[in-house]
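Computed from the coordinates by the stated procedures, all read-outs in this text should not be read as laboratory data. Since this is a predicted model, take the numbers as computed values, not measurements. Cβ placement follows ideal geometry from the backbone for every residue including glycine, while neighbour counts extend to all protein chains displayed.
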Amino acid sequence: MIFDGPEGASVTLLLAHGAGAPMDSPSMTASTKAMAAAGLRVVRFEFAYMAARRSGSRKPPPRADTLCPEFYSAIDALRPKGSLIIGGKSMGGRVASLIADEAYRSGKICGLLCLGYPFHPPAKPEQLRTGHLEHLETPTLIVQGTRDEFGTRADVERYRLSTNIEILWLEDGDHDLKPRKSVSGFSAADHLKTMAETVRGWSDGLVELQAQIRSR
């Protein structure tokens, strides 16, 4: 695991990587550093197949649902001091979304954060990965670029999604949330700052809600 941000933070984010890049990829590192700078504790971990690649393994990513036990193990191993939000980049967020409701009902987590959710494979908009998102009970924030090839704004606005899901759209952002400055007028740094500030405000709201529920 890689730890960033203040140890005494009220919220810890436990994030998994995407299908093809490790937990210390440039995209995950940039997002993590931005959220840590906003005062969040961010913890990254790798699934076993990705960790094995560091020793030369070339195994392809397994099906997302087969990785759920590994995410549960990471939650149990972490034991954060404050509130916990799970999620990740692309496939990592998808795996987290598959276990979110069970973990939420059991009180282990207070929310779900997905950075570039893979709503469908690139160029295959008919192969949707949204069935479980229609009835999701866990408070969820999806940060998505408007031109993400795994789900553009035009694509996603047609889907039936749970009312517990909020989406932060980053103008002209790709799957790594990066915009073309010449087109959008925004830089990657601008989008990272917006993302981090939004995640901080959203997570603070979840902690406050959690406290209210416990005091009843």
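Of note:
- Which of His135, His191, His175, His120 has the fewest Cβ neighbours within 10 Å, and the rest in rising order: His135, His120, His175, His191
- Positive-pole candidate from Thr29, Ala100, Ser90, dipole of the chain, charges at beta carbon: Thr29
- Residue separation of Arg58 and Arg158 scaled by 0.36 nm, minus their Cα-Cα distance, works out to 32.3 nm of gained length.
- Cα centre as origin, Lys/Arg/Asp/Glu Cβ charges: region 131-195 dipole, Debye: 200 debye
- Fewest-first ranking of Arg180, Arg41, Arg63, using other Cβ atoms within 10 Å as the exposure measure: Arg63, Arg180, Arg41
- Helix content alone sets the calculated 222 nm mean residue ellipticity of the chain: runs of n ≥ 4 DSSP H residues at -39500 (n - 2.57) each, divided across all residues, give -11500 deg cm²/dmol.
- Within-13-Å neighbourhood charge of Arg94 [Cβ basis; K, R +1; D, E -1]: +2
- Here the dipole of the chain is about 440 debye; that uses its Cα centre as origin and unit charges on the Cβ of Lys and Arg (positive) and Asp and Glu (negative).
- With R₀ fixed at 35 Å, the C-beta to C-beta distance from Leu98 to Gln212 puts the FRET efficiency at about 0.80.
- Antiparallel beta bridges, as assigned by DSSP with both residues in the chain, represent about 10 percent of the total such bridges.
- Centroid-to-centroid separation of region 138-193 and region 62-97 [C-alpha atoms, Å]: 21 Å
- Sorting the segments 12-19, 160-167 by their mean number of nearby beta carbons within 10 angstrom, highest to lowest, gives 12-19, 160-167.
- Among Ser83, Ser90, Ser31, Ser182, the order by Cβ neighbours within 10 angstrom, fewest to most, reads Ser182, Ser83, Ser90, Ser31.
- The chain shape via C-alpha gyration tensor axes, a/c threshold 1.5: rounded
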